[in-house]
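The values are calculated or read from the model by the stated rules, or taken from the named source; none is laboratory data. Bear in mind that the values here come from a model prediction, so they are computed numbers and not experimental data. Methodologically, a virtual Cβ is constructed for each residue, glycine included, from the backbone with ideal geometry; neighbour enumeration extends over all protein chains shown.
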Ligand code: SF4
Ligand code: MG
């Protein structure tokens, strides 16, 4: 049994006069100790997917179809109250900007103790000991001293470490990190990612890492799901994705990872813009930007095809019939 099983998830966002189909048929599973990276450009539906799972959707958002099973329990229909019990203790989430998730008027130690108080029956003395232990776990030196300090007395990187400590306070089964380094400078980003990697050996929490940067996931994740236009277009192990990528969008992302030896960090990007999710395309969402697009790509959505035991890709190139049809087409032209 998987720790988290998401099947055919659909999420819509109502705007004043239209409905944005932000997530369309997303399925994935998370096993204990997995680190799954969900990768895609902004607007691809990656944040919305996890917000839908955690019932943290904006007011206009709604899960319209699909099933979410967490640790054997179907939580698809869970209301806010039931979910609150899970959030923070069983599933924890950290966000981009540590300042928005910390209380500026309370010492960091107190903030960790508060979470422990809310979810665990623990004496104040044990709460304090655990808080210090957590600060040390996330790589904060002199944790006893930092315990009594306020967020503004800490650097940005240290604040993000505190946020991670708070998220881990109750030994959650899943830690969701939504672009946890975006608000930080590059050196600190690397340190936080290094921390997340080192945590994998120390704790048994599974991690879902959401990022627009495929480059950062190779060292951290064991599984990758690439999202485009509200769908998972390719998924697999890190090796599947980095060495055996099949989907033209994934190949484009890989090509746009800046090389270390390149002096300028100008990003190669994939030309074109993402699809309009108010009126999603009938065929492959990537077709207008894909240099391999065939006729069928514009007409029919490719099925998400199993390539190996771990590897899936939703692209007509994986269908031998489509290739034949395309060849025939070319022949006739
Ligand atoms: Fe490109 Fe067609 Fe594959 Fe979509 S289905 S990625 S358009 S080749
Ligand atoms: Mg986002």
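Residues of the stretch 50-69 include none that is touching a residue at least 40 places away in the same chain (Cβ under 8 Å), closer than 17 Å to residue 233 by Cβ and either surrounded by 19 or more Cβ atoms within 10 Å (Cβ to Cβ) or out of contact with any strand residue (DSSP E or B) (no Cβ under 7 Å at 6 or more places or on another chain) (or both). Residue 92 meets each of the listed conditions (1) outside any strand (DSSP E or B); (2) under 25 Å from the mean Cα position of the chain (by Cα); (3) under 29 Å from residue 135 (Cα atoms) apart from (1).
Output the residue which, of all residues in the stretch 228-248 that are in a helix (DSSP H, G or I) and in contact with a helix residue (DSSP H, G or I) (Cβ under 8 Å, 6 or more places away or on another chain), is surrounded by the fewest Cβ atoms within 10 Å (Cβ to Cβ).
Checking each candidate, the answer is 242.
Of all positions in the stretch 178-196, at least one carries a residue that is under 24 Å from residue 10 (Cβ atoms), within 16 Å of ligand 2 (Cβ to nearest atom) and at pLDDT below 95.
Among the residues of the stretch 153-171, the ones that are within 14 Å of residue 206 (Cα to Cα), touching a helix residue (DSSP H, G or I) at 6+ places or on another chain (Cβ under 9 Å) and assigned to a loop (DSSP other than H, G, I, E, B) come to 1 in all. Scanning the stretch 277-292 for residues that are buried (at least 19 other Cβ atoms within 10 Å of the Cβ) and touching a helix residue (DSSP H, G or I) at 6+ places or on another chain (Cβ under 6 Å), we see that the one that is farthest from residue 239 (Cα to Cα) is 283. Under the condition of being assigned to a loop (DSSP other than H, G, I, E, B) and touching a residue at least 40 places away in the same chain (Cβ under 8 Å), which residue from the stretch 206-227 is farthest from ligand 2 (Cβ to nearest atom)? The qualifying residue farthest from ligand 2 (Cβ to nearest atom) is 222. Any idea which residue in the stretch 1-27 is surrounded by the most Cβ atoms within 10 Å (Cβ to Cβ), counting only those that are in contact with a strand residue (DSSP E or B) (Cβ under 6 Å, 6 or more places away or on another chain) and in a loop (DSSP other than H, G, I, E, B)? In this case the residue turns out to be 3.
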